[in-house]
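The values are calculated or read from the model by the stated rules, or taken from the named source; none is laboratory data. Just so we're clear, the structure is a prediction, and the values are computed from it rather than from any experiment. In this analysis, Cβ positions are derived from the backbone assuming ideal geometry, glycine residues included, and neighbour counts consider all displayed protein chains. The accessibility values were calculated without ligands, DNA or RNA, using every heavy atom of the protein model including side chains. Shrake-Rupley method; radii C 1.70, N 1.55, O 1.52, S 1.80 Å.
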Protein chains: 2
Amino acid sequence: MPDKVRIALDAMGGDHGPAVVVAGAALALQKEPAAEFLFFGNAAQVAPLLAARPQLKAVSRLTHTEIAVRMDAKPSQALRYGRWKSSMWLAIEAVKKGAADVAVSCGNTGALMAMAKFELKMLSGIARPAIAALWPTLRGEAIVLDLGASIGADAEHLVNLAMMGAATARILLGIARPTVGLLNIGVEEAKGLEPVREAGRILREEKLPDLDYVGFVEGDDIGKGKVDVVVTEGFAGNIALKTAEGTARQMGEYFRAAMSHSLSARIGYLFARTALRKLKERIDPRRSNGGVFLGLNGIVIKSHGNTDAEGFAAAIGVGHGVVRDELLAKITFALGRHHDYQRQALGGAAS
Amino acid sequence: MPDKVRIALDAMGGDHGPAVVVAGAALALQKEPAAEFLFFGNAAQVAPLLAARPQLKAVSRLTHTEIAVRMDAKPSQALRYGRWKSSMWLAIEAVKKGAADVAVSCGNTGALMAMAKFELKMLSGIARPAIAALWPTLRGEAIVLDLGASIGADAEHLVNLAMMGAATARILLGIARPTVGLLNIGVEEAKGLEPVREAGRILREEKLPDLDYVGFVEGDDIGKGKVDVVVTEGFAGNIALKTAEGTARQMGEYFRAAMSHSLSARIGYLFARTALRKLKERIDPRRSNGGVFLGLNGIVIKSHGNTDAEGFAAAIGVGHGVVRDELLAKITFALGRHHDYQRQALGGAAS
């Protein structure tokens, strides 16, 4: 475990820019006093914000750049004007050069992923990156991946996602041998996509020591908390995530409307407001902010673009946790063992 | 518009069998007095239930069969033992032979789809079937398809889904020119699956008169009611549907827990209970029960397996509505026009 966790921050990302990034870092420092920060961004905007927070400033270094990746830039555009010099690029570069342990950005997701791939390159044995995040469930939290980094997946990629997701769950959920399910559209073996069925077969046969593969799960099993890790390719994963977010908001709207529907309901609201405030905190999307980019030679955390200081601090907290517990080493170890197993299985078959 | 709508019912389907099917038909008859029913099922079970409802019995005919498709049968198994003689098969056969206008079943989805395909065959120009259903939104209701009939889709299939979905929305939502969106994982043109992008191009260029194509939508746009018709292939569609159902239940659980969290909250609940009862009715999943199988030479409606009489009546209501407003004729007409357009476009390009 590293003594100090050094966190590189893209100070210019997100809808609110440096104000939220610096305030979020200050909150994160309260929770993790051993953290150090490398800010990349426009000094004219960032320096005054740091100056107003002496404790944070004491553990921070600021690198000036005038170039910021726009939230609406296409990845190819962002790479064209932002390579070598944008705040986003420099934050990732700090990880690549070993100056930081993790980079956190609330900037443009597509650009962040493109730059992370370009700079950090893929881990050996992993063909494509993934995004994993915490998903609140009735039993606590689950890790769901891929939430949209890569469209489509063959069986081997799904198996890799299962291993990377389980490693992330061990750290973020603190579960020694997380249960893992493959997202599918039916629980019978015969149903669903061929690569999903094939991945199920591999996971069942290989019996990996660090994860407990329990079979297929369906969309409604995610919120039930049926498994600790839900594995799917990025198209379906992104649609599941956004649909869940939309449904949660929709239910919230319905509920607000009901509680102001009549005088009697408004009185009821007054009596229940403490409990409802707690509920609001419980389902606060800021609490589960922070998508982990997996499959790369380095850790990058994506925060929601429109989050506030508290949400950004949560994303930094995710980054801090996965570095402290050496996610990358755990993933590399699990991948290595999986590939040894496959080589032996092939060797066994050939001999 | 047909004088009488003749509805074939698989009396043995669902978790509760004939009790729910017969009671549901009785409720549906109250709403649609011109309906007639053809029941297929075990006479020993169904006849007494009908005898207890003289009004329903007067407009019903019962055909006995001892064979019922099990809820957990694989489609291939169901076809093997249920072809020619199961209650499910006979209900669909009634549609094929013109004895009924629509078949409704709360039985095994996979078996129902397999039998419907086998008996009714695909519409000319449609390669694969789809399931469409009503989805409650903040602005009312939307039609979402495909909810799991076919995995994967090329651009042409997505365009067909758009046309069939729009025809369904015209009838079930009463909107002359429904707005249509393609479900994708980003709103920019460059994002997402290639067939989705290509379908978007076709829909934009062809400017179909009966639908208003508005572009890509994301998962959270469904619940917002951004469009009247959401088009996607069956894997992502099924995962979106199940995830939304799971999230709605999860939010309901959180809310129930909050409202019984303290004495004060329980008092609040008493004051708000009328409003909350109305909310419960509003989000009652029975209200939007009834998936329409599209793309076949005949209309089959799939009800949830674990629904009650009210939910089954809603599914019959969907079937009644699409028959009365001649969904099949509307779909055939729209498909014909689309194919004419494509022929002309090709002819124009060749000349």
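Largest first and in whole Å, what are the equivalent-ellipsoid semi-axes of chain B based on the Cα gyration tensor, each being the root of 5 times an eigenvalue?
Values for chain B, descending: 33, 29, 18 Å.
Under a 5 Å amide H to amide H cut-off, with H placed in plane at 1.01 Å, what residues pair with A:L38 once short-range neighbours are removed?
Hits under the 5 Å cutoff: A:I7, A:A8, A:L9, A:R61.
Build a GNM of chain B with springs between Cα atoms under 10 Å: which of B:D101, B:D210, B:D146 gets the top mean-square fluctuation?
B:D210
Mean-square fluctuation check for chain B, GNM, Cα pairs under 10 Å: which of B:M163, B:M122, B:M88 is largest?
Result: B:M122 has the largest fluctuation of those listed.
Could you work out the local net charge near B:V229, counting Lys and Arg as +1, Asp and Glu as -1, over the other residues with Cβ closer than 10 Å to its Cβ?
That works out to -1.
Just counting partner chain Cβ atoms within 10 Å, what average do the residues of peptide A:259-267 show around their Cβ?
5
Expressed as a whole percentage, what fraction of the accessible surface of chain B belongs to carbon and sulfur atoms when a 1.4 Å probe is rolled over the protein heavy atoms? Spell out each step's value before the answer.
Numbers: 7880 of 14460 Å².
The C+S portion of the solvent-accessible surface of chain B is 54 percent.
So for the protein assembly as shown, taking the charge dipole from beta-carbon charges (+1 Lys/Arg, -1 Asp/Glu), which of A:L161, A:A265, B:M164 sits furthest toward the positive end?
Towards the positive end, the residue furthest out is A:A265.
Looking at the protein assembly as shown, send over the antiparallel percent of its DSSP beta bridges, to the nearest 5.
Details: 26 of 84 bridges.
If we restrict to bridges inside the protein assembly as shown, about 30 percent are antiparallel.
Just counting partner chain Cβ atoms within 10 Å, what average do the residues of peptide A:226-238 show around their Cβ? The partial results should precede the final answer.
Details: counts 1, 0, 0, 0, 0, 0, 3, 1, 1, 11, 9, 3, 8.
Counting Cβ atoms of other protein chains within 10 Å of each residue's Cβ and averaging gives 3.
With +1 on each Lys and Arg Cβ and -1 on each Asp and Glu Cβ, how big is the dipole of the protein assembly as shown about its Cα centre, in debye rounded to the nearest 20? Intermediate values should be presented prior to the final figure.
Numbers: 84 positive and 72 negative charges, 259 e Å.
Roughly 1240 debye for the protein assembly as shown.
Longer than 32 Å from Cα to Cα, which of A:K226/A:K330; A:K97/A:K224; A:K31/A:K96; A:K74/B:K330; B:K4/B:K207 are they? Say none if no pair is.
On the way: A:K226/A:K330 24 Å; A:K97/A:K224 42 Å; A:K31/A:K96 26 Å; A:K74/B:K330 41 Å; B:K4/B:K207 36 Å.
In this structure, A:K97/A:K224; A:K74/B:K330; B:K4/B:K207 lie more than 32 Å apart at Cα.
Per the helix-only calculation at 222 nm, which mean residue ellipticity applies to chain B, given -39500 (n - 2.57) for every DSSP H run of n ≥ 4 and division by its residues, nearest 500 deg cm²/dmol?
Details: 13 runs with 181 residues, N = 351.
Computed mean residue ellipticity for chain B: -16500 deg cm²/dmol.
Expressed as a whole number of Å, what is the distance separating the alpha-carbon centroids of segment B:52-124 and segment A:23-64?
Here the answer is 68 Å between Cα centres.
Could you give, in nm with one decimal, how far B:A176 is from each other copy of that position, shortest first, with labels 7 Å out from Cα toward Cβ?
6.9
Distances from A:Q30 to the same position in the other copies: list them in nm, one decimal, shortest first, using label points 7 Å from Cα along Cα→Cβ.
5.8
For peptide A:215-222, compute the average count of partner chain beta-carbon atoms within 10 Å of each residue's beta-carbon. Present the calculation step by step, with values, prior to reporting the outcome.
Values: counts 0, 0, 1, 7, 10, 11, 3, 6.
Across A:215-222, the average partner-chain Cβ count within 10 Å equals 5.
So what's the gap between the Cα centers of segment B:150-177 and segment B:254-299, to the nearest angstrom?
28 Å
Taking one equal scatterer on every alpha-carbon of the protein assembly as shown, how large is log10 of I(q)/I(0) by Debye at q = 0.06, 0.07 1/Å?
-0.40, -0.54
Treating the beta-carbon of each Lys and Arg as +1 and of each Asp and Glu as -1, no other charges, what is the dipole magnitude of segment A:240-351 about its Cα centre, to the nearest 20 debye? Intermediate results must be reported in sequence, preceding the final value.
Values: 16 positive and 9 negative charges, 80 e Å.
For segment A:240-351, the charge dipole is close to 380 debye.
Could you give the dipole magnitude of segment B:134-285 about its Cα centre, charging the beta-carbon of Lys and Arg +1 and that of Asp and Glu -1, in debye to the nearest 20? Mind dumping the intermediate values first?
Numbers: 19 positive and 21 negative charges, 234 e Å.
In debye, rounded to 20, segment B:134-285 gives about 1120.
Hey, in the GNM for chain B with a 10 angstrom Cα cutoff, which one of B:R204, B:R80, B:R266 fluctuates hardest?
B:R266
Provide an ascending nm list, one decimal, of label-point separations from A:Y341 to the equivalent residue in each further copy; define each label point as 7 Å from Cα along Cα→Cβ.
5.1
What is the pair-distance distribution P(r) of segment A:1-121, computed from all Cα-Cα distances in 10 Å bins starting at 0, with each bin given as a whole percent?
15, 49, 30, 6
Residue-wise, which Karplus ³J(HN,Hα) couplings in Hz belong to segment B:140-148, taking 6.51 cos²θ - 1.76 cosθ + 1.60, θ = phi - 60°, and x for glycine or proline?
x, 9, 10, 9, 10, 8, 8, 8, x
So what is the relative contact order for chain B, in percent, with contacts set as C-alpha pairs under 8 Å and at least six apart? Working shown, then result.
Working: 698 pairs, mean separation 79.6, N = 351.
Taking the mean separation of contacting Cα pairs over the length of chain B, I get 23 percent.
Keeping all protein chains in place and using 1.4 angstrom, which order do A:H261, B:H339 fall into by accessible surface area, from largest down? Before the final figure, lay out each step's value.
Values: A:H261 105, B:H339 45 Å².
My answer, sorted largest first, is A:H261, B:H339.
Go through segment A:54-67 residue by residue and turn each phi into a ³J(HN,Hα) via Karplus (6.51, -1.76, 1.60, θ = phi - 60°); whole Hz please, and just put x for glycine and proline.
x, 4, 5, 4, 5, 10, 10, 10, 10, 10, 7, 8, 8, 9
What figure in square angstrom, to the nearest 10, would you give for the accessible area of B:F235 with a 1.4 Å probe?
10 Å²
Enter the accessible area of B:R70 (Å², nearest 10), with the probe set to 1.4 Å and all protein chains included.
So the heavy atoms of B:R70 present about 120 Å² to solvent.
Please sort through the DSSP H helices of chain B and keep those with an alpha-carbon extent of at least 15 Å along the long axis and a Kyte-Doolittle average not below 1.0.
Working: long enough: B:18-31 (20 Å, 1.41); B:109-120 (16 Å, 0.93); B:155-172 (25 Å, 0.95); B:194-206 (18 Å, -1.17); B:234-259 (37 Å, -0.10); B:263-282 (27 Å, -0.23); B:309-324 (22 Å, 0.89); B:327-350 (34 Å, -0.06).
Result, helices passing both filters: B:18-31.
Take the Cα pairs of segment B:75-146, get the Kirkwood Rh, then feed it into Stokes-Einstein at 25 °C and 0.890 mPa s and tell me D in µm²/s. Walk me through the numbers on the way to the answer.
Working: Rh = 13.6 Å.
D = 180 µm²/s.
If I model a spin label at B:A257 and A:T274 as a point 7 Å from the Cα along the Cα→Cβ vector, what separation in nanometres do I get?
Simple spin-label model gives 1.9 nm for this pair.
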